[in-house]
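Below is one structure, written out as structure tokens; the observations come after it.
Nothing in this text is a laboratory measurement; each read-out follows from the coordinates by a stated rule. Everything numeric in this text was worked out from a predicted model, so none of it was measured. So basically every Cβ, Gly included, is an ideal-geometry build from the backbone, and we count neighbours across all protein chains shown.
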Amino acid sequence: MTSALFIEQLLNGLQFGVMLFLMAAGLTLVFGVMGLINLAHGALYMVGAFACATVANFTGSFWLGLAASIVAAATAGAIVELVVIRRLYKRDHLDQVLATFALILIFSEGTRWVFGSFPLYLNVPDLLSGPVMLPGGIQYSLYRLAIIVIGGLVALGLYFLIAKTRLGIRIRAGESDREMIAALGVDIRLLYTIVFALGAALAGFAGALVGAIQSVQVGMGEPVLILAFVVIVIGGIGSIKGALVGAILVGIVDTMGRFLLPMFFQLFMENAQANSVGSALASMSIYILMALVLIFKPKGLFPAHG
Amino acid sequence: MVKLTKENSLNALVAMTLLVVPFIALAIDEPFYITLATRVAIFALAGVGLNLALGLGGLVSFGHAAFFGLGGYAAGILASHALNYEPIFTVPFEVNGTTEMLIIWLVAILVSGLAALFIGLFSLRTTGVYFIMITLAFAQMIYYFAISWPAYGGEDGLSIYVRNKFPGVNTLDPLSFFLIAFCVLMLAVLLVFVLKNSRFGAALQAARQNDERLSAVGIHPFNIRLTAFVVSAMITGLAGALYADLNRFVSPNMFSWHTSGEIMIFVILGGVGRMFGPIVGAALFILFEFVFGGLTEHWMLFLGLVLLVVVLFARGGLIGFITGKVRHE
């Protein structure tokens, strides 16, 4: 194993983690502010990817596609919030799970109806294609590096939005006491729609970015959604900081597990057997990580409410 | 005592209908409907299991696919070893596969029960959303394990070439196999009914309604919940074993979270906590799939719409809609 390969895998893990953060941030915000568990978040990720691929293929510009992904996902999010989600805030979690599960079925089959079962392709923009030379002579995909940077910027932007702006103050106030801020004259229904659309936009943005390195297809949001759940459980549901730490932890553990575990088992097993044991264990690694975190910290690493 | 309430009459009607359909199917020479009825019975059994945890205990498990799949794989693995004449393991002693359903069921029940004990020990420390997500995550963990572990077919699944044997019954005959599934279903409903009306059932429902009061009378809610979770998983695991035998095939899809969602749908469509709710729910689901699946390949879209409407506007499911709210006597 060369150190270049090791660093490349580490960066891949970081890139995956950043992606997960964009998903997990919306989930955790929606849960923290509205107390809602939203399974349909993966559907918004898919909407973003399809919007980006369609617009990019039509206009030939990836950047227009990226903008379209944010607009489409935020619009879809706002509509879903107004029509369905709004009725669920006062319901128990069982109803929320079922209704948002129903939304997944509707979104997935609806998309399949419109776009068919074949994946769409989305190319990396010319500006970001090809490798880049990192210090130390390591070649790495420029696009993946850009995703890491963009993800970092979004995390920073979210921090400022929530810590420094008026909207952020309202969101935090909504987290701690929704009756009180309603009594203070804040339109809580509008605030909820905005928060939901913001989360949706982040998910759609993530979907579009990932769409260029994977294929854009129906059901693409579901594996990511479940990982994002693992992330927010590890980080502490409702905490943005927890989502960031959890996402990077999950991204790196998953990627490095797939890379290192088969090699580890090869030290004392035949190659074929080591590969199967290693990859089986690697696919379970983040769930084991989650179980370990929960044994010591049942409310996650950064519990949102005390 | 069983009183002649509206719900009990409806229950009897539901059970009779499910029992009669395959005989009619046989009479009009449409054996496909027998298979449909068998699927209803098996899905209902899985739902009856979940209903014990979800309906009575308020434990929203989004990972019951784990137990459904484990039961299925127990059947698949035992049968494939027996059919290939390979022992399952030889150290420290030799264990062979089997094609006897009764033994397979026992193994399926034990395996799912043990898995539920393990999962429950972790997940029942948490409540609410955490519980939902952790049960989901454990099921996903087993799902990915099943996909990446090549010994039993990995992603492709595992075929059972001949349906397993049941003493004195020709299981290859669809009607006989339906009757086996139906009897198991009725026994499971009876078991849940007895449990519901026992001290244990009272404690379980009290744990759902008010934790502190239950602790105050000296009963530890955790133990009650864990027991309910394990028994619930055992029933769902048994359903998985039957499902494997129905299809003569098991695949990692049995573990997928869609399966967990579907088992939950059976419970909800019929009515949460109703004894016969899962049977009604599973029957509605299969009917829906059959009718709309014949019209359009996008029937899941309509399933989603119906589910959404039921959750938003018709709480209590079909049984709740027909018989009204649960009466507390």
Work out the length of the dipole vector of the stretch B:161-279 about its Cα centre, built from +1 on the beta-carbon of each Lys and Arg and -1 on the beta-carbon of each Asp and Glu, and round it to the nearest 20 debye.
180
To the nearest 20 debye, what charge dipole does chain A have about its Cα centre, counting +1 at the Cβ of each Lys and Arg and -1 at the Cβ of each Asp and Glu?
660
Would you kindly derive the ³J(HN,Hα) couplings of the stretch B:221-235 from the backbone phi angles with the Karplus curve 6.51 cos²θ - 1.76 cosθ + 1.60 (θ = phi - 60°), listing them in order in whole Hz, with x for Gly and Pro?
x, 4, 5, 4, 5, 4, 4, 4, 4, 5, 4, 4, 5, 4, 5
Between A:Leu161 and B:Leu114, with labels modelled 7 Å along Cα→Cβ, what's the label distance in nm to one decimal, could you check?
4.8
Ordering of B:224-237, B:279-292, B:15-28 by burial proxy (mean other Cβ atoms within 10 Å per residue, highest first)
B:224-237, B:279-292, B:15-28
Would you mind checking A:Lys90/A:Lys297; A:Lys164/A:Lys299; A:Lys164/A:Lys241 for any pair whose Cα atoms are more than 18 angstrom apart?
A:Lys90/A:Lys297; A:Lys164/A:Lys299
Pairing the Cα long axis of helix A:221-235 with the longest principal axis of chain A, what angle in degrees results, from 0 to 90 and rounded to the nearest 10?
80
Sequence-distant residues sharing a close amide H with A:Leu134 (under 5 Å, placed H)
A:Gln139, A:Tyr140
Potential extension, B:Phe32-B:Glu94 segment - 0.36 nm per residue separation minus Cα distance
18.3 nm
Can you tell me, using C-alpha contacts under 8 Å and at least 6 residues apart, the relative contact order of the stretch A:3-220 as a whole percent?
42
Selection from A:Tyr140, A:Thr59, A:Leu128 lying farthest towards where the dipole of the stretch A:52-142 points positive, charges on Cβ:
A:Thr59
Dipole in debye (nearest 20) - the protein assembly as shown, about Cα centre, beta carbon charges: Lys, Arg +1; Asp, Glu -1:
1860
GNM top mover of B:Asn84, B:Asn11, B:Asn164 - chain B, alpha-carbon springs below 10 Å
B:Asn84
Counting pairs on different chains as well as pairs 8 or more places apart, how many Lys pairs in chain B have Cα atoms under 26 Å apart?
5
Cα lying deepest toward the dipole's positive end in the stretch B:6-323, options B:Met101, B:His220, B:Tyr73, charges on Cβ:
B:His220
For the stretch B:253-282 and the stretch A:80-97, what is the centre-to-centre distance using only Cα atoms, to the nearest Å?
20
